[in-house]
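K.L.:
Please find one structure pasted underneath; my questions will follow.
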Amino acid sequence: MIGLFERLARPFLHALDPEDAHSLTIKMLACAPLPRAAGDDKCLAVRAFGLNFPNPIGMAAGFDKNAEVPDALLRLGFGFVEAGTVTPLPQRGNPRPRVFRLNADRGVINRLGFNSQGAEAVLRRLAARANAGGIVGINIGANKDAADRVADYVRLIERFAPVASYVTINISSPNTPGLRNLQQAGALDDLLARVIDARERVTRNAGPTPALLKIAPDLSLAELDDVVGIARARRVDGMIVGNTTLTRPASLREMKIAKQAGGLSGRPLLPLATRMLAETYVRVEGAFPLIGVGGIDSGTAALGKIRAGASLIQLYSALVFRGLGLVAEIKSALIAALESDSLDSLSELVGADAAAVTAEAWPG
Ligand SMILES: Cc1cc2nc3c(=O)[nH]c(=O)nc-3n(C[C@H](O)[C@H](O)[C@H](O)COP(=O)(O)O)c2cc1C
């Protein structure tokens, strides 16, 4: 039903400004009477960060920024949903237009700048569904004008740890000036020390909530050495690799739109994001699991992420071009891959190609 509806709606949605199309999609999901998703094949189950995921495919942060439709997304077959980015105080983000489709490239550029309804509104929604089951994480970020950005993360983890399945510390958005500087060694160590300490304090009442770190694909390998070393020393529960890129691959065809400022996502991001994932995997040495995100638009791309080191995957941009049927398509491809190798679980494939990927020429 939803597939048919979507196929009919997609040309209409593509005729709209991308942000208007997105708002309309959220409204439709909020009121669509969706049946509960059919149970997943048990070979797709993943255990990571102490959580049991029915399948490894997650909705990436940025789609449901204000946690309006996490349960609709779970019903549509996602194994988990990452709501946010949420900021402590409401903020509007950058002036519109600020989202652009690169149709010929199957890519998106956005410079939204953490438009958020703020912690109160999002907290209320997550608290209302906290016992509904399903894995719903929250991605947290600092307000643009915060005097002390680290204090924003501390406050948000304290507030959200009791109602979220996990919390992602997002220091990799390219659209909040200076935010990515928190990835520098000294700043990151201070941030993680304070955030993990806050998480430990709430754990005493709320139980353990995994804390993940989401990084940019644009780090140098020397910077990645530092980031992974600090993440391991501060004992984060996992990393997400990664956010959108400020680079513009030479292969882009939509040359004019590519000049728009902002982070690029979708198919053109796949080679860089997968390379950074593999580079992260070989540095983490199994200390914690990774979520691979960036450019997944097919079963083959999803499998490639897992083989490069992802225990779980997330996607967003490909849904704009491929629609929600992509989720079922990826599940079928993963099951077929397991069957052809006579494997019982995806965990046997995680990182199988990581070393080989790191030996390839750097993606251009
Ligand atoms: C319109 C848009 C908004 C996004 N907003 C966020 C956000 O608020 N927080 C975040 O961590 N990532 C955000 N992202 C990045 C995605 O979560 C993801 O890391 C990135 O798009 C790469 O995945 P994809 O190629 O499958 O889209 C956003 C991406 C897009 C396209």
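K.L.:
Name the single residue, out of those in segment 276-297 being in contact with a Ser or Thr (Cβ under 8 Å, 6 or more places away or on another chain) and more than 14 Å from the ligand (Cβ to nearest atom), that is farthest from SER220 (Cα to Cα).
P.N.:
Top of the filtered list is PRO289.
K.L.:
Still on this model: Please find, within segment 240-259, the residue that is nearest to the ligand (Cβ to nearest atom) out of those that are of a type in the set (Lys, Arg) and over 28 Å from THR85 (Cα atoms).
P.N.:
ARG253
K.L.:
Still on this structure: Find the residue count for segment 92-132, including only residues that are at positive phi and within 12 Å of the ligand (Cβ to nearest atom).
P.N.:
4
K.L.:
Looking at segment 297-314, which of its residues are assigned to a loop (DSSP other than H, G, I, E, B) and more than 13 Å from ALA333 (Cα to Cα)?
P.N.:
GLY309, ALA310, SER311 - these are the residues of segment 297-314 that are assigned to a loop (DSSP other than H, G, I, E, B) and more than 13 Å from ALA333 (Cα to Cα).
K.L.:
Suppose the filter is among the small types (Gly, Ala, Ser), touching a residue at least 12 places away in the same chain (Cβ under 8 Å) and under 17 Å from GLU200 (Cα atoms); does ALA146 pass it?
P.N.:
no
K.L.:
Considering only segment 209-222, I want to know if a residue exists there that is within 12 Å of the ligand (Cβ to nearest atom), closer than 22 Å to ARG194 by Cβ, at pLDDT 95 or above and of a type in the set (Gly, Ala, Ser).
P.N.:
Yes.
K.L.:
For the list (1) away from the ligand (no atom under 16 Å from the Cβ); (2) at pLDDT 95 or above; (3) within 20 Å of PRO174 (Cα to Cα), I need the number of the one condition that ASP145 fails.
P.N.:
Among (1) away from the ligand (no atom under 16 Å from the Cβ); (2) at pLDDT 95 or above; (3) within 20 Å of PRO174 (Cα to Cα), the lone unmet condition for ASP145 is (2).
K.L.:
Kindly indicate whether THR300 is surrounded by fewer than 24 Cβ atoms within 10 Å (Cβ to Cβ), more than 29 Å from ASP341 (Cα to Cα) and within 15 Å of the ligand (Cβ to nearest atom).
P.N.:
no
K.L.:
A follow-up question, please. Which of the residues belonging to segment 296-332 are under 30 Å from ARG10 (Cα atoms), out of contact with any strand residue (DSSP E or B) (no Cβ under 6 Å at 6 or more places or on another chain) and not hydrophobic (A, V, I, L, M, F, W, C)?
P.N.:
Selection gives ASP297, SER298, GLY299, THR300, GLY304, TYR316, ARG322, GLY323, GLY325, GLU329, LYS331, SER332.
K.L.:
While we're here: Can you tell me how many residues in segment 156-181 are more than 13 Å from the ligand (Cβ to nearest atom), assigned to a helix (DSSP H, G or I) and within 18 Å of THR245 (Cβ to Cβ)?
P.N.:
1
K.L.:
Of all strands (runs of 3 or more DSSP E) completely enclosed by segment 1-91, which ones contain at least 3 residues that are within 25 Å of ALA130 (Cα to Cα) and either within 16 Å of the ligand (Cβ to nearest atom) or touching a strand residue (DSSP E or B) at 6+ places or on another chain (Cβ under 6 Å) (or both)?
P.N.:
57-59, 80-86
K.L.:
Another question, then. Which number in (1) surrounded by fewer than 20 Cβ atoms within 10 Å (Cβ to Cβ); (2) in a helix (DSSP H, G or I) marks the one condition that PRO97 misses?
P.N.:
(2)
K.L.:
Inside segment 307-346, can you point out the residues that are surrounded by 21 or more Cβ atoms within 10 Å (Cβ to Cβ), aliphatic (A, V, I, L, M) and away from the ligand (no atom under 15 Å from the Cβ)?
P.N.:
LEU334, LEU346
K.L.:
Run down ILE138, ILE57 and say which single residue is closer than 24 Å to ALA333 by Cα and not hydroxyl-bearing (Ser, Thr, Tyr).
P.N.:
ILE57 is the lone residue from the list that is closer than 24 Å to ALA333 by Cα and not hydroxyl-bearing (Ser, Thr, Tyr).
K.L.:
If you don't mind, another one. Answer with yes or no whether GLU329 is closer than 21 Å to GLY39 by Cβ, part of a helix (DSSP H, G or I) and free of Cβ contacts under 8 Å to residues at least 12 places away in the same chain.
P.N.:
Against the criterion (closer than 21 Å to GLY39 by Cβ, part of a helix (DSSP H, G or I) and free of Cβ contacts under 8 Å to residues at least 12 places away in the same chain), GLU329 does not qualify.
The values are calculated or read from the model by the stated rules, or taken from the named source; none is laboratory data. Only a predicted model underlies this, so the values are computations on that prediction, with no experimental measurement involved. Ideal geometry is used to build each Cβ from the backbone, glycine not excepted, and the neighbour counts take in all protein chains shown.
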